Amino acid sequence: MQIEDLEEVLRIEIDSFEDPWNREYFVHEVLENRHSRCFCLRNPGQMVLGFACTWVVGKELLIHNFAIRRDRRGKGLGSRLLESVLDFGLGAGCRVAQLHVRPSNRPAVGLYRRAGFRTVGIRREYYGVGQEDAWVLEKPLRRSTEKGGEYPS
Ligand SMILES: CC(C)(COP(=O)(O)OP(=O)(O)OC[C@H]1O[C@@H](n2cnc3c(N)ncnc32)[C@H](O)[C@@H]1OP(=O)(O)O)[C@@H](O)C(=O)NCCC(=O)NCCS
């Protein structure tokens, strides 16, 4: 993700979330935060179809923001972007990927479960006092030659 992408990214962000990140926050993540790596998924014409914002902290890949354009959902793009992001994390030396999700967000929970994430905790009122809890989801990151890449089902 580059600064020039932010107009398209913000349109997707505002269309996707009740409490969207603002431009300043994206600028901070793209330019200033040394832990941050943000990615765009594009079509051949370079249109932004989706994006992901992550932090690499030690051996953890933290996925903070993830969305696909509303009119391109349900076509496997979220899975492709997630796979690329997890590959990036593995290449950066991470051993686990973690994120928070609203239990009521069925598409996102489905996406992450399908990718091998499992619920490892609950953060109470994560989205604000009196608001929904968050599930903490994790997936171990292992190269295909290593054993133990998935949680037992
Ligand atoms: C969550 C999101 C990224 C999924 O992207 P997508 O491109 O539609 O996902 P895919 O087409 O790759 O689908 C992958 C899996 O996700 C799940 N899924 C996707 N859409 C779903 C829906 N509407 N209902 C239930 N499960 C769904 C399914 O398990 C699906 O696998 P399947 O096709 O084998 O059933 C997209 O819905 C989105 O941008 N939502 C708004 C932003 C958001 O909630 N981000 C996550 C914050 S934690």
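The values are calculated or read from the model by the stated rules, or taken from the named source; none is laboratory data. These figures come from a predicted structure and were not determined experimentally. Don't worry about glycine lacking a Cβ; one is built from the backbone with ideal geometry, like all the others, and counts go over all protein chains shown.
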Consider only pairs whose beta carbons are under 9 Å apart and that are at least six residues apart or on different chains; among these, list those whose first residue lies in the stretch 106-122 and is among the aromatic types (F, W, Y) and whose second residue is more than 8 Å from the ligand (Cβ to nearest atom) and not in a strand (DSSP E or B). F117/Y151
Could you please let me know if E7 is at pLDDT 95 or above and farther than 22 Å from L99 by Cα? yes
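Filtering the stretch 94-120 down to residues that are among the basic types (K, R) and near the ligand (Cβ under 8 Å from one of its atoms), which residue is surrounded by the fewest Cβ atoms within 10 Å (Cβ to Cβ)? Before you say what the answer is, go through the steps one by one.
Filtering the stretch 94-120 down to residues among the basic types (K, R) leaves 95, 102, 106, 113-114, 118.
Subsequent filtering for residues that are near the ligand (Cβ under 8 Å from one of its atoms) retains 102, 106, 113-114.
Details: R102: 16, R106: 9, R113: 14, R114: 11.
In this case the residue turns out to be R106.
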Return the pair list, or none, for Cβ contacts closer than 8 Å from residues in the stretch 89-102 that are touching a residue at least 12 places away in the same chain (Cβ under 8 Å) and farther than 16 Å from C53 by Cα to residues that are small (G, A, S) and surrounded by fewer than 21 Cβ atoms within 10 Å (Cβ to Cβ), at least 6 apart or on different chains. R102/A108; R102/A134
Just to be sure I understand the filter: pairs with C-beta atoms under 9 Å, separated by 6 or more residues or on different chains, first member in the stretch 1-24 and in contact (Cβ under 8 Å) with a residue 24 or more places away in the chain, second member surrounded by 15 or more Cβ atoms within 10 Å (Cβ to Cβ) and among the charged types (D, E, K, R). Which pairs pass? M1/E29; M1/R37; E8/R69; I12/R69; D15/R69; S16/R69; W21/E13; W21/E29
